[in-house]
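Following: one structure in structure tokens, then a few remarks.
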Amino acid sequence: MEAATFSRDGEKVIFGLYDGKIRMFDVQSGNEEARLTGRVDTVTSGAFSGDDQRIVSGSDDGSVRIWSVSDGKEEMKLVGHIDWVVSVAYSGDGLRVASGSIDGTVRIWSVESGLEERQSSVNRWEVTALALSSDGQRVFYARDRSRRIYIRNVDDGKEERPLIVGRDYVNTIAISNDGRHAATATGSQLDIYNIDDGDRLVAEGHEDLILSVAFSPDNQKVATGSHDKTIRIWDLMRDEGEEEERGDEDEEEERGDEDAGEDKYKGKGEEEEEEVEVEVEEEEMKLEGHEDSVWSIAFSADGSKLVSGSSDQTVRIWDLESEGVVIKILRGHTGPVLSVAFSSDSQKVVSSSHDSTVRLWDVETGELKQQRTYESSIWSVAFSPSNLKIVSGCNCHRIYIWDLEGGKMMVLEGHTDAVISVAFSPDQQKVVSGSHDTTVRLWDLETGKEERRMIGHMDSVQFVKFQEDDTVFSASYDGSCRTWDVQTGKQKTMENAFGYWVESIALSSDDRLLAVGFESMIHILDMETGDEGIMQGHTGRVRSVAFSDNNEKILSVSGGRTAQIWNVEKMEEEKTLEIGSNELYSAALSPDSKIVALGGWDGTIWFWNVETGAMEKQFESGQMWMSSMSFIDDTHLLLRFYDAIQIWNVETGEEDEDVADTANVPILLRDGWIYSPSAPNSRCWFPLNGVSRVTSNASCIVFGLDSGDIVIVELK
């Protein structure tokens, strides 16, 4: 049994079974009242309509079906998902049905017409559960590996602020001033990552959710503020010293022949293959005094002071050189203080609040110097390097630049959700912002216009800063840290605390270049020089990538309905093919780069002329779940399925079994098992966990893993 649900009146219950049947029972008597049949695939989800007269079901064949309770007949079949439908729901008025699938989409259907009204892609996150509001205007859904309930408006598809339903997620993020370390809070635990090698330090001590994190200017300390009303200071250098000292004292017992104290972070040792945790048992300093949650903290430029903002509506300044004594309590806000910052000379403090105000304070006297009131909560504030301007990010989606001398105000508009991180460029000519809309944006302060939009993050961008004048650094709730080129807006690097699984991989024919589809991006790696590049343009998961025969072009398709051709040397998109209503799963480029072959999830193959953009022919392979395709020569196309291959003659549109029997092509079965049709009785197993994609040529096999790792096996 895969699914079970009660009717709205509680009098009936339905069960979805592996054999494709839906069985309905009377709750009071226990008698079976109906058995709904009409498919052979597993029923994975089900729900009653508001009047209990209809049932909607989802299946592992990707379909959504509507049934009549009175006669048990199927009334409608809704087709569009390309993977298991794991959750379905009726709106209260019975006019709409919502479905969620592991293909990463939420779809809204009209019950009257049977047509799809709206589709929302949630990228790599699989939809695990959903519900429709009684009026059918909002859909609520949960995503795999997330502790949030997400909300979308059905009419415009816009996502509202998610509901947090658990604590096992990243609460807040901070990046060290030298860009080498990322501090993330998960629940009450602080993790500090070395961005270069992924090593990690774990610090525990808070008794409730950590809400704010900040590095000291010299990167030697980290401060955290929590729901437990305390601020704690963690000394990273002291931890390193203690580890080295302990190693000197107990060298034979604890270190053996290797230096176990050389790295203070949790990670892989030189002799170890598994991660070894090092936990900080005690913090250096505990600051107590706030009467409610501490939302924001910041160090002064010399690291001697700390400023904090709290839900108790106060701003407090602490002397870290005197054991954390409070030297000033600044009162005046009438709501939680969401963001605080010191001026570069440490003479002033700026604070912003849920009360919609930004306030400027004198550190020495505690006097309120200036105040501005806005139309909504202010999530983030920052001084310009000259301390003459303040930038603030608002819940109303706007950014405000406040000139402290002249009092003038500049408004920057463009974000579609709350702006939660802001920063000035070193030359004070630009501002960078991060938002709940998942974008990073660059603004020209001379014109007040958006200059660059940087797209790639999959969740709210919680931290932004400039690295020199030509690079922007960002960190997001999606667990990634990224750098962006200011001139082009393109992503330069990406590091993940939690990893992205490999969607698709391809090798160039000369074995030099590796193309990897991560999320909506294509990552190009030169395996000889180590050079890397990223091509962006897709809006969904890149399900297939393929090189042209001369390795000058790459063809890619995403979960949407477009295929794109890229120039490898220029790292630019050359052409987009609009496919229409078909969901794409795989693609191949002919040796002469004139024909594009595209494969649908249902096994349909389309051939498109690159120059004209027109479809020339179509045929049915007769098998679902195609994982990849490639041209063997000008007339033969190889199709890979999860447990078989087919080779088709492009000119005749017929399967060529003779060629398939002799093709020496490794294909992925499951759990790392590989076989080739040329040796059907032989199997080879690779001890790899989470293999999501595989590609090969005569010299090597390349595996893409769920963790985001790439494994290359050389064949001899």
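What follows is calculated from the coordinates using simple rules that are stated; it is not laboratory data. Remember, it's a predicted structure, so these values are computed and weren't measured experimentally. Using ideal geometry, Cβ is built from the backbone for each residue, glycine included, and neighbour counts are taken over all protein chains shown.
Just a few scattered comments:
- Estimated FRET transfer efficiency (E573, N387; beta-carbon r; R0 35 Å; 0.05): 0.25
- Annotation: amide H-H contacts under 5 Å for Q370 (H modelled 1.01 Å from N, sequence separation of 5 or more, or interchain): L360.
- Linear extension gain, E75 paired with E616, 0.36 nm per residue minus alpha-carbon span: 191.2 nm
- Over region 398-467, relative contact order from alpha-carbon pairs under 8 Å, at least 6 apart, %: 28 percent
- Converting phi to 3J(HN,Hα) with the Karplus coefficients 6.51, -1.76 and 1.60 and the offset θ = phi - 60°, region 51-60 yields 9, 6, 8, 9, 10, 10, 9, x, 9, 6 Hz in sequence order, with x at every glycine or proline.
- Potential lengthening between D155 and S593 on full extension [0.36 nm per residue; Cα-Cα distance subtracted]: 153.6 nm
- Cross-link partners for K408 among the lysines, with Cα-Cα distance under 23 Å and sequence neighbours closer than 8 places in the same chain left out: K348, K369, K389, K430, K449.
- Taken one residue at a time, the phi angles of region 436-444 give Karplus couplings (6.51, -1.76, 1.60, θ = phi - 60°) of 5, 7, 6, 9, 10, 10, 10, 10, 8 Hz. Gly and Pro are set to x.
- For the pair Q137 and I632, label points projected 7 Å from Cα toward Cβ lie 5.9 nm apart.
- Each label point was placed 7 Å from the Cα along the Cα-to-Cβ direction; for D362 and N177 their separation is 2.6 nm.
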